[in-house]
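The values are calculated or read from the model by the stated rules, or taken from the named source; none is laboratory data. Treat the numbers as computed from the prediction; the structure is a model and nothing was measured. Every residue, glycine as well, gets a Cβ built from its backbone with ideal geometry; the counts of neighbours run over all protein chains shown.
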Amino acid sequence: MNKPNRSPIFGGYSRRKFIKYGSLAVGTGILAACSGGATSTGDEDLGENPIKVGVMYSTTGTIAIVEKSLQDATFLALEQINTNTGPWEGNGEGIEGRKIQKVVVNPDSNWDLYNQMSKRLIDEDQVVCVLGCYTSASRKSVLPVFEEKDSILYYPVYYEGNECSSNVFYTGAAPNQQITDSIPYCYENFGPRGFFIGSDYIYPKESNRIAKAELETAGGTVVGDEYAALGTTEFITIINKIKQAKPDFVLSNLVGDSIPAFYRQYKDAGITADQIPIMAYPTTEEEIQAMGPEYAEGHYTSFNYFQTVDTPENKAFVQQFKEKFGDSRVTNGVMEAAYLQTFFMAQAMQKILKEGGEINTKTLREATRGQTFNAPQGLVKIDPENYHTYLYSRIGKWGSDGQAEIVFSTPAAVKPIPWSQVLYKGRTCVHGSPDGRENPIKETGKDLETKYLEKT
Amino acid sequence: MYFYLSPVYYLAQEAAEGFSVVALANQLVNGIGIVGILLLTGLGLAITFGVMRIINLAHGEFIMLGAYTTFVLQSAFNLDLLLTIPFAFIITAAIGALVEISIIRRLYGRPLETLLATWGLSIVLQGVIKLIFTAQLKYVRSPSYISGNLTLLKDAQGTPTVAISYYRLFIVIVALALLALTGYLLYRTNLGRQVRAVTQNRSMAQCLGVNTSLVDMATFAYGCGLAGVAGAVISSLKSVAPPMGQDYLVDAWMTVVTGGVDRLVGVLAGAFLIGESNATIAYLLNDPTARVIVLFAVIILIRYKPEGLFSIQKRG
């Protein structure tokens, strides 16, 4: 009867054991996440011989909040294509009678899972192309897969550029469609001294590096450069540094949950938009709604699309989106890109089928380049040379209702240039032939000028 | 020559460039705000882990549930944030009690199973909340009477150089009040005596007529309720989302483990140490580096002083 004098709950284990069990749990977690994210195909009637398309957005994990909205916009577009409604009206149900079957995977905000799941989509599910990814990290993670297996990814997010792949169609902004116009705007309207902040990963760092070069070319200076760990919601230090540096404006490349926390604590610290306005790239209607409009009032965002864009296509888009997902939802620039790229894909498929072809990577690539579409933001086009998209460049000033007043807009969609011309003069991306997969990066040595999409 | 500069030298140089005593003072004052949040989130864990020795990986989700309680009450009844705090406590405590009865109770003395069960619970809770409220970020309005800043020092032009927002001070006050209340309940009341008796020697307590299962349930529910209050108070500083609890889980564990799991004063010490050192290093270098350094320091501390900074000396 030598029973230990400790109760089972009190003394049964040590800290070391706890650490051991902890690592075990984390390991199990990774396993669980790998087996999760089941493929779902929906239960709607897809008729005969549907076209399989992969949809790859995280609906769980840290990035889920925004990726879920991209998935919603994609689903809306696919539904409109399958039911002959919205912008697809008059084209018949599906694509030349064949409906789109979506194969949905959820990579759980885990970069490795993006890689594995894109492999699965291409090899096992045999999709003809994939719509998906949000962060640059996830895109970089799947890029080798799409290149090795020669499949196509439609990527809907503004990004830092410096990339050129014949396996990706980039339908979000390149640096020259978001940074190039916003920096001179800040310089002229707020002053020469900028304080740059961002989340600590590739997009914000590279984007700020380009913006820094642009600002210095314009004659301004960067008085501070601070990064916060991804997902941080504690900004006391950065705000104190901003107070100390007294800049004319703050350029924010914070992403995700950090955005509402930063704007709230910024106002809480007593800095008003009149004193030091914030110019942001990733802050959209979604985040404004999540922080409460009063915190963003008077600050700015540079984006291709705002919910307030005044086109008949946008009015229809906003209305249809709210009908499907609820009145309280807002649309934003990334969602619009996810929406419009689905139509680019469908139009390309329609073209192939009309000409009696078979949908595969080669024909899809050939048919997608040069596609035009009357998107909610206006007429846009996929550049046949660099596979990025002609997009509008706009600056919005946030109002008390959480919507942006557009204070700057280019007259037409701007030709995309994946490399910042301040940092890499003359470097661009030219795909010589539709199925040419040789090195498409070209050094022209010339100043590449801003070109607008000509209305035809 | 710049190529050969070691990273350490580079960091030191960077630190020296931006240094100013007044700004550092401001940073230290504002560090109190971080201390308040750490204290608040660590307190509930000090009960469930420190007192009861339950490894509760769903602690962050109870914080999240508290924040959602505030959100629901505010959007449905337009209730002031301060008035939602008791409700946040009651609701999370009730859910905590349910969890104790249905899951934790069956796993006492099996730490590995408890760990997995509570970790699974955290995923379930996030999933349920996501189903009810969608993944959208929600926001909570902060009360207008706790806005603005307390200025401690001004420069020659009259602009505040050392200032802290009233809301941060409010968080610190709430955290200290809860700490005092918990200390009182645990060390000065009959219930607290029973809690300590049960956790120290369950069978003896049972022999003496203590209803141990009721005490267990009440203690766990109280710990969860504290997490709920933390969620309610923090909600207006940030935004409310299903995964928000994950951010606080690591910090809360770090606070409790650093301070020493046995004593409440350990939580205060842990929160103060981590919060202020984080604020100082973040001011001198930058935020991500500060986090790495503080985590590293905690690892070393645990290696050489596994019982934490403050701990009751136990006889062997």
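Laid out as a table, the results:
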{"read-out": "Selection count where residues are closer than 19 Å to B:A232 by Cα and assigned to a loop (DSSP other than H, G, I, E, B), scope the range B:135-158", "value": "9"}
{"read-out": "B:A135 away from chain A (no Cβ under 12 Å), buried (at least 17 other Cβ atoms within 10 Å of the Cβ), small (G, A, S) and touching a residue at least 60 places away in the same chain (Cβ under 8 Å)", "value": "no"}
{"read-out": "Single unsatisfied condition, B:G127 versus (1) within 30 Å of B:L82 (Cβ to Cβ); (2) within 10 Å of chain A (Cβ to nearest Cβ); (3) not β-branched (V, I, T)", "value": "(1)"}
{"read-out": "Flag for B:L237 being in contact (Cβ under 8 Å) with a residue 40 or more places away in the chain, assigned to a loop (DSSP other than H, G, I, E, B) and closer than 26 Å to B:A271 by Cα", "value": "yes"}
{"read-out": "Tally of residues being charged (D, E, K, R), within 23 Å of A:D150 (Cβ to Cβ) and at pLDDT below 80 across the range A:426-448", "value": "3"}
{"read-out": "Test for B:I293: is it part of a helix (DSSP H, G or I), over 15 Å from A:E234 (Cα atoms) and among the aliphatic types (A, V, I, L, M)", "value": "yes"}
{"read-out": "In the range A:317-342, the residues that are outside any loop (DSSP other than H, G, I, E, B), surrounded by fewer than 21 Cβ atoms within 10 Å (Cβ to Cβ) and in contact with a helix residue (DSSP H, G or I) (Cβ under 8 Å, 6 or more places away or on another chain)", "value": "A:Q320, A:K324, A:F325"}
{"read-out": "Complete set of residues in the range B:248-278 that are within 22 Å of B:S235 (Cα to Cα) and without any contact (Cβ under 8 Å) to a residue 24 or more places away in the chain", "value": "B:V250"}
{"read-out": "Any pair with Cβ under 8 angstrom, 6 or more apart, that starts in the range A:76-100 at a residue that is within 15 Å of A:L353 (Cβ to Cβ) and ends at one that is of a type in the set (S, T, Y)", "value": "A:I81/A:T342; A:E93/A:T83"}
{"read-out": "Whichever residue in the range A:278-316 is assigned to a loop (DSSP other than H, G, I, E, B), crowded, with 22+ Cβ neighbours inside 10 Å and in contact with a strand residue (DSSP E or B) (Cβ under 6 Å, 6 or more places away or on another chain) and, among such residues, is farthest from the other protein chains (Cβ to nearest Cβ)", "value": "A:N304"}
{"read-out": "Any hit, the range B:240-258, residues being under 30 Å from B:T84 (Cβ atoms), acidic (D, E), assigned to a helix (DSSP H, G or I) and within 13 Å of chain A (Cβ to nearest Cβ)", "value": "yes"}
{"read-out": "Tally of residues being among the small types (G, A, S), crowded, with 18+ Cβ neighbours inside 10 Å and touching a helix residue (DSSP H, G or I) at 6+ places or on another chain (Cβ under 6 Å) across the range A:346-383", "value": "4"}
{"read-out": "Members of the range B:147-161 found to be surrounded by 13 or more Cβ atoms within 10 Å (Cβ to Cβ) and either of a type in the set (G, A, S) or within 10 Å of another protein chain (Cβ to nearest Cβ) (or both), listed by number", "value": "B:S147, B:G148, B:N149, B:T151, B:P160, B:T161"}
{"read-out": "Unmet criterion (only one of (1) touching a residue at least 24 places away in the same chain (Cβ under 8 Å); (2) closer than 16 Å to B:V233 by Cβ) for B:L186", "value": "(2)"}
{"read-out": "Number of the exception - B:S236 against (1) among the small types (G, A, S); (2) within 12 Å of the chain's Cα centre (by Cα); (3) over 30 Å from B:G192 (Cα atoms)", "value": "(2)"}
{"read-out": "Flag if A:S7 is modelled with pLDDT under 90, farther than 27 Å from A:P282 by Cβ, of a type in the set (S, T, N, Q) and surrounded by 15 or more Cβ atoms within 10 Å (Cβ to Cβ)", "value": "yes"}
{"read-out": "Hits in the range B:243-270 - residues which are touching an Asp or Glu at 6+ places or on another chain (Cβ under 9 Å) and small (G, A, S)", "value": "B:G245, B:G260"}
{"read-out": "Selection within the range A:128-167 - more than 12 Å from the chain's Cα centre (by Cα), part of a helix (DSSP H, G or I) and surrounded by fewer than 24 Cβ atoms within 10 Å (Cβ to Cβ)", "value": "A:K140, A:S141, A:L143, A:P144, A:V145, A:F146, A:E147, A:E148"}
{"read-out": "Subset tally (residues that are among the small types (G, A, S) and either free of Cβ contacts under 8 Å to residues at least 12 places away in the same chain or at the interface with another protein chain (Cβ under 10 Å from one of its Cβ atoms) (or both)) for the range B:295-311", "value": "1"}
{"read-out": "Single residue of the range B:172-198 satisfying the filter (within 14 Å of chain A (Cβ to nearest Cβ) and within 18 Å of B:G266 (Cα to Cα)) that is modelled with the lowest pLDDT", "value": "B:R196"}
{"read-out": "Every pair of residues 6+ apart whose Cβ atoms lie under 6 Å, when the first sits in the range B:26-45 and is closer than 18 Å to A:I239 by Cβ while the second is of a type in the set (A, V, I, L, M) and not in a helix (DSSP H, G or I)", "value": "B:N26/B:V162; B:V29/B:V162; B:V29/B:I164; B:N30/B:I164"}
{"read-out": "Number of the condition not met by A:S328 [criteria: (1) modelled with pLDDT of 90 or more; (2) closer than 25 Å to A:E67 by Cα]", "value": "(1)"}
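Okay, residues lined up against (1) of a type in the set (K, R); (2) out of contact with any helix residue (DSSP H, G or I) (no Cβ under 7 Å at 6 or more places or on another chain):
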position: B:T151; (1), (2): no, yes
position: B:R188; (1), (2): yes, yes
position: B:G192; (1), (2): no, no
position: B:L226; (1), (2): no, no
